[in-house]
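Have a look at the structure below, then the notes.
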Amino acid sequence: MLARGLIDKYTKGQLKPRGPQPSAACDTNIVTTPPEKTPAPAIPLAAPATAPVNYASGHLMAWLWRTYLKKHIPTLAVAVLFMILEGSMLGALSWMMQPMFDTVFVQGNGDMLIWVGVLLVGIFVVRAVSSVVQKVLLTRIAQKTAAALRIDLLDHMMKLDGAFHQSHPPGFLIQRVQQDVNAVGDVWRAIVTGAGRDFIGLIVLIGVAISVDPIWALLACVGTPLLVLPAAMAQRYVRRHARNARDLGANLSTRLDEVFHGIVQIKLNALEDYQSTQYRGLTDRFVRTEVRTAFGGAAIPAMIDIMSGAGFMAVILYGGAEIIAGDKTIGQFMTFFTAMGFAFDPLRRLGAMSGLWQVAAAAIERIKELLDAPVNLKSAKAPKPVPTGTPEIALENVTLAYGDTTVLHDLSLLAAPGKTTALVGASGAGKSTIFNLLTRLVDPQKGVVKIGGVPAAEMKLHELRSLFSVVTQEALLFDETLRENILLGRTDVTDARLKEVLDAAHVSDFLTKLPKGLDTHVGPRGSALSGGQRQRVVIARALLRDTPILLLDEATSALDAQSEHVVQEALDRLAAGRTTIVIAHRLSTIRGADKIVVMDRGKVIDQGTHDELLGRGGIYADLYRLQFQDGKSVVDVAGARRPAPRFDGPADPRPGLLARMRERLFG
């Protein structure tokens, strides 16, 4: 048991100098005592690594129009036409008040009564039809625009490199694609409606009021200048809090994503209360921010209400005196009063639109930041054709760093065509980074990566990646049917070829146990299948791709002995005739490799066959003897058997095995 513990610590890079180490209880399967309930600390927003850019409102609106709305001009023109009709009907209705009161009611002209009634019905019919048409057209434009934004965001983010996705959690990106785009679509529709129906209606109604008496109209707007400064302050207030609300919403999405994906660890570590407290703290901050945003958005219509009340009082005082004196008629007053009363609602909506636009602007800012993120990994402008046959893989003097941390130091490596090359070393030695370099998930700062003699950076990205099949420990499956997870959208696979792949990957062994066979849904991330079954599905997927290069990253490390035997057999079939690179901590899986490369701290420190490395001693030989020690004997390079050293035996004059390993790993 002690030897196994030392093996695990060594292979996972956990042999550290003594001293307190950071805890990672949430990331292990160890059941720990739940933390005491304490107030939730302030949680930093899941924001980009760089400071957000603040764009002017005019710039954002121009970008949205130019990129997404301009293409809908014909439909938008028809919608605006019907909005003008709807808005102008309020002016027509208010204009009807004067003849209705002065001619019909005051003068008692009964012949005009029927015509006034017909005109009123006609006004409401036109208003109803135009309202339905413009709303349907605007909804169509808004949904198409939102769909285009989502697709562009997803397409762009899938092109961004790993550094971007490390600094932007999934919840943050989901918030941008879903909630922010929805906010833009809803607010844009309100803005277009306001600019069309409400603005036109307001102009028509003010025109009617001016036609009755310009002085009355001027008095009604007496408080307008007082709105300018408070409205500007309210807009800035709304913009600031709306931006914070967007980031808090992203943080909430990130928290939920982590909770649901880590639900097993949360249960095992009794962290339900802790996670609930963290989420409650975020939710409280989000609620406060949304309330403040709503307060700022409601402040502008409220100020318009106060201004309108002051204007109406001035009109009543001045106009009432004229009516009493006989200078104005009741019909004129009713027309003016109706026009200004109808103008009240569109004026409030236009005032509220300012706050709505600030909310939309905050969402558009975040969307534009993502769309402006540079794509660093691109296909060559004059790409070279990919190599044919089974290619050789070469890394020549490659250096790679993430920020100030150098991961690979002037590394050179050669994997022969059609052979299996294994990479061995502690966690952090740079093994997985080599996989990322080969598939151009990242580019080196120095050196060159060649596939079949062709630099990887000089090929088209999709053609380069079409050379590789990758099987990892994670065995990622999608929440689709088993068939869809294997075919991955391909329609050219015959039933015979599919059966051949299923048999070779040992998927057929458990297929009959599934309720719907190949059409069984595998659940989120393949949760309806066991670890061994998921690995076999991924192997079937790789067999179907039939690529010349195979990359295996700890493909059997998480499996039990029975599952490992079945999966290893399928992997051996998959590797036949391909250039294969294997990452493994369990040396039993790579003893038959054509070449084993030992890595440490981003450098190749030894390479050769299994027997050659054992014969030379070093880290590989020490690790091998430690892994295969059973308390009785150790197999040496010559195959002879000798007594195994005991940890509680007499002192050895040489440095201990653990000390020698630590010296090589940490200096």
Taking the range 129-146 as the region of interest, how many residues are under 24 Å from the mean Cα position of the chain (by Cα) and surrounded by 13 or more Cβ atoms within 10 Å (Cβ to Cβ)? 4
State whether one or more residues within the range 36-46 are surrounded by 11 or more Cβ atoms within 10 Å (Cβ to Cβ), modelled with pLDDT of 80 or more and under 27 Å from residue 357 (Cα atoms). no
Given the structure, is residue 90 among the aliphatic types (A, V, I, L, M), in a helix (DSSP H, G or I) and crowded, with 17+ Cβ neighbours inside 10 Å? yes
Just to be sure I understand, how many residues within the range 523-550 are assigned to a helix (DSSP H, G or I) and either among the aliphatic types (A, V, I, L, M) or more than 28 Å from the chain's Cα centre (by Cα) (or both)? 10
Examine the range 372-384 for a residue that is surrounded by fewer than 16 Cβ atoms within 10 Å (Cβ to Cβ) and part of a helix (DSSP H, G or I), and state whether such a residue exists. yes
Please verify whether the range 495-505 includes one or more residues that are assigned to a loop (DSSP other than H, G, I, E, B) and within 18 Å of residue 570 (Cα to Cα). yes
I'd like to know if the range 511-522 contains one or more residues that are of a type in the set (Lys, Arg) and either under 28 Å from residue 388 (Cα atoms) or modelled with pLDDT under 85 (or both). no
When the residues of the range 385-396 are narrowed to those that are within 35 Å of the chain's Cα centre (by Cα) and either of a type in the set (S, T, N, Q) or in a loop (DSSP other than H, G, I, E, B) (or both), which ends up nearest to residue 453 (Cα to Cα)? 387
What's the number of the only condition in (1) at pLDDT 85 or above; (2) in a helix (DSSP H, G or I); (3) buried (at least 21 other Cβ atoms within 10 Å of the Cβ) that residue 612 fails to meet? (3)
Residue that is farthest from residue 568 (Cα to Cα) [pool: residues in the range 470-490 that are among the hydrophobic types (A, V, I, L, M, F, W, C) and open to solvent by less than 20 Å² (accessible area, probe 1.4 Å)]: 482
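Every residue, every condition in (1) in contact (Cβ under 8 Å) with a residue 24 or more places away in the chain; (2) surrounded by fewer than 16 Cβ atoms within 10 Å (Cβ to Cβ); (3) within 29 Å of residue 235 (Cα to Cα); (4) charged (D, E, K, R), yes or no:
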position: 259; (1), (2), (3), (4): no, no, no, no
position: 263; (1), (2), (3), (4): no, yes, no, no
position: 278; (1), (2), (3), (4): yes, no, no, no
position: 285; (1), (2), (3), (4): yes, no, yes, yes
position: 289; (1), (2), (3), (4): yes, no, yes, no
position: 303; (1), (2), (3), (4): yes, no, yes, no
Every listed condition ((1) touching a Leu at 6+ places or on another chain (Cβ under 8 Å); (2) more than 29 Å from residue 347 (Cβ to Cβ)) holds for residue 277 save (1)
Mind listing whichever residues of the range 515-558 are open to solvent by 30 Å² or more (accessible area, probe 1.4 Å) and among the hydrophobic types (A, V, I, L, M, F, W, C)? 528, 558
Selected residue (criterion: surrounded by the fewest Cβ atoms within 10 Å (Cβ to Cβ)) from residues of the range 305-333 that are of a type in the set (Ser, Thr, Tyr) and at pLDDT 80 or above: 318
Hey, residue 354 part of a helix (DSSP H, G or I), among the hydroxyl-bearing types (Ser, Thr, Tyr) and either in contact (Cβ under 8 Å) with a residue 24 or more places away in the chain or over 22 Å from residue 160 (Cα atoms) (or both) or not: yes
So how many residues does the range 88-135 have that are over 24 Å from residue 200 (Cα atoms) and among the hydroxyl-bearing types (Ser, Thr, Tyr)? 1
So which residues in the range 421-469 are part of a loop (DSSP other than H, G, I, E, B), open to solvent by less than 40 Å² (accessible area, probe 1.4 Å) and touching a strand residue (DSSP E or B) at 6+ places or on another chain (Cβ under 6 Å), if there are any at all? 425, 429, 430, 439, 444, 467
If residue 418 meets every condition in (1) open to solvent by 60 Å² or more (accessible area, probe 1.4 Å); (2) part of a loop (DSSP other than H, G, I, E, B) apart from one, which number is that one? (1)
In the range 495-510, residues that are open to solvent by 20 Å² or more (accessible area, probe 1.4 Å), farther than 11 Å from residue 537 by Cα and under 35 Å from the mean Cα position of the chain (by Cα) total 0
Meets criteria (open to solvent by less than 70 Å² (accessible area, probe 1.4 Å) and either β-branched (Val, Ile, Thr) or within 30 Å of residue 322 (Cα to Cα) (or both)) for residue 149: no
Could we say that residue 113 is more than 25 Å from residue 191 (Cα to Cα) and either modelled with pLDDT of 85 or more or touching a helix residue (DSSP H, G or I) at 6+ places or on another chain (Cβ under 6 Å) (or both) here? yes
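The values are calculated or read from the model by the stated rules, or taken from the named source; none is laboratory data. What you are looking at is a predicted structure, and each value in this text was computed from that prediction instead of being measured. In this analysis, Cβ positions are derived from the backbone assuming ideal geometry, glycine residues included, and neighbour counts consider all displayed protein chains. Please note that ligands, DNA and RNA were not included when accessible areas were found on the heavy atoms of the full protein model with its side chains. Shrake-Rupley method; radii C 1.70, N 1.55, O 1.52, S 1.80 Å.
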